[in-house]
Amino acid sequence: MEDLTGRRLVVLTGASSGIGLAAAVNLACRGDQVVLVGRDPARLQAAAERVRETSGERPELFRADFAVLDDVRRLAEGLRAAYDRIDVLVNNAGAIALQPLTTVDGFELSIQANHLAPFLLTNLLADRVGRIVVTGSGAHRFGTLDPDDLNAALRRYRPLGAYGTSKQANILFTAEAARRWPGIPAHSFHPGVVRTRFGNDSRVVAFGMRVLPFRSPEKAAETLVWLANQDPARLVGGGYYYNRRLRRPYRKAADPRLAARLWSASAAAVGIDG
Ligand SMILES: NC(=O)c1ccc[n+]([C@@H]2O[C@H](COP(=O)([O-])OP(=O)(O)OC[C@H]3O[C@@H](n4cnc5c(N)ncnc54)[C@H](OP(=O)(O)O)[C@@H]3O)[C@@H](O)[C@H]2O)c1
């Protein structure tokens, strides 16, 4: 599966739908070799077909459920076996959990699927990754992250609070990754309010999506694709972007001490050296 044509290899999680799929199509049309990671096999196949129809490229597919950390470990093994180098890793998979759910690994679903899983995947691949792009969210403003208590949301569950905490973690993770791995450019971004499958199961979120000024997944993917292509020297390492502009996240997602504590707590949670 090694590419001998000199094209970049881009691995995208959450590529079976929405922003991740739109980004995969865009990147493939620009000539990148894209690798799609998804959870639902049928959606993943349909996404691959869409990439093939639009770009002429047949992408490689990997399946993993981020609610299961062993799936993430298998995914990392599979990617390592297939590729000596991953030019861009796009950590985009994410969802809002409407109910308080505990994963098989013992973590609240949002913090695991949206933060701990990509944290583990990135650490397991870091020696082969050229740059990192993370899909964050303006919803980090609703976050109440406590690295000493990653399951805090389970006690008095509010879906937006749990989701916002996981997105706060995405932005802090990106900043700390840039600090720890100066050779790997890492940036996060807010895609805007986007009409995707996100929150489809919730009447409240679905209503919000109808009344809020939403954008298409293709428009939302523009900043992701830009971050994947921009000269890192022109970007702020670990920075948070919106509409291709550097934005200052809320203070709770811009605190380097909190970012360092989150890294240590996350490493302990997934069983790797912090
Ligand atoms: N839509 C918005 O307004 C908005 C705003 C800010 C940030 N975001 C962020 O944008 C990212 C992409 O979301 P989207 O709007 O494009 O929604 P989407 O259409 O629902 O796509 C979400 C993607 O993440 C995957 N995913 C969800 N849970 C997973 C799990 N447990 N394991 C593995 N993969 C999982 C989905 O796989 P399946 O196909 O198997 O479900 C899908 O590929 C997320 O990180 C979200 O937080 C979205």
In the range 2-29, anything over 19 Å from ALA81 (Cα atoms) and in contact with a Lys or Arg (Cβ under 9 Å, 6 or more places away or on another chain) is listed as GLY14, SER16, SER17, GLY18, LEU21, ALA22, ALA24, VAL25, LEU27, ALA28
Count of the range 3-48 residues which are among the small types (Gly, Ala, Ser), within 13 Å of the ligand (Cβ to nearest atom) and more than 16 Å from LEU61 (Cβ to Cβ) = 2
Within the range 178-199, residues of a type outside the set (Lys, Arg) and within 15 Å of the ligand (Cβ to nearest atom) come out as HIS187, SER188, PHE189, HIS190, PRO191, GLY192, VAL193, VAL194, THR196, PHE198, GLY199
Having 3 or more residues that are open to solvent by 30 Å² or more (accessible area, probe 1.4 Å), closer than 29 Å to ARG74 by Cβ and among the hydrophobic types (A, V, I, L, M, F, W, C) is the bar; report the helices (runs of 4 or more DSSP H) wholly within the range 103-221 that clear it.
-> none
Cross-chain or 6+ apart pairs with Cβ under 8 Å, the range 182-195 first and farther than 14 Å from GLY94 by Cα, then among the polar types (S, T, N, Q) = ALA186/THR174; HIS187/THR174; GLY192/ASN243; ARG195/SER216
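It is to be established whether one or more residues within the range 71-78 are in a loop (DSSP other than H, G, I, E, B) and either more than 10 Å from the ligand (Cβ to nearest atom) or more than 13 Å from the chain's Cα centre (by Cα) (or both). So that I can check it myself, show each step before the final result.
First, pick out the residues of the range 71-78 that are in a loop (DSSP other than H, G, I, E, B): none.
Scanning the range 71-78 turns up no residue that is in a loop (DSSP other than H, G, I, E, B) and either more than 10 Å from the ligand (Cβ to nearest atom) or more than 13 Å from the chain's Cα centre (by Cα) (or both).
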Between residues in the range 55-67 that are closer than 18 Å to ASP105 by Cα and residues that are at pLDDT 95 or above and of a type in the set (S, T, N, Q), which pairs lie under 6 Å by C-beta distance while being six or more apart or on different chains?
-> ALA67/THR103
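The values are calculated or read from the model by the stated rules, or taken from the named source; none is laboratory data. Just so it is clear, the model here is predicted, and its values are computed rather than measured. Cβ coordinates were reconstructed from backbone atoms using ideal geometry, including for glycine residues, and neighbour counts include every protein chain displayed. Surface accessibility is based on the protein's heavy atoms, side chains included, excluding ligands, DNA and RNA. Shrake-Rupley method; radii C 1.70, N 1.55, O 1.52, S 1.80 Å.
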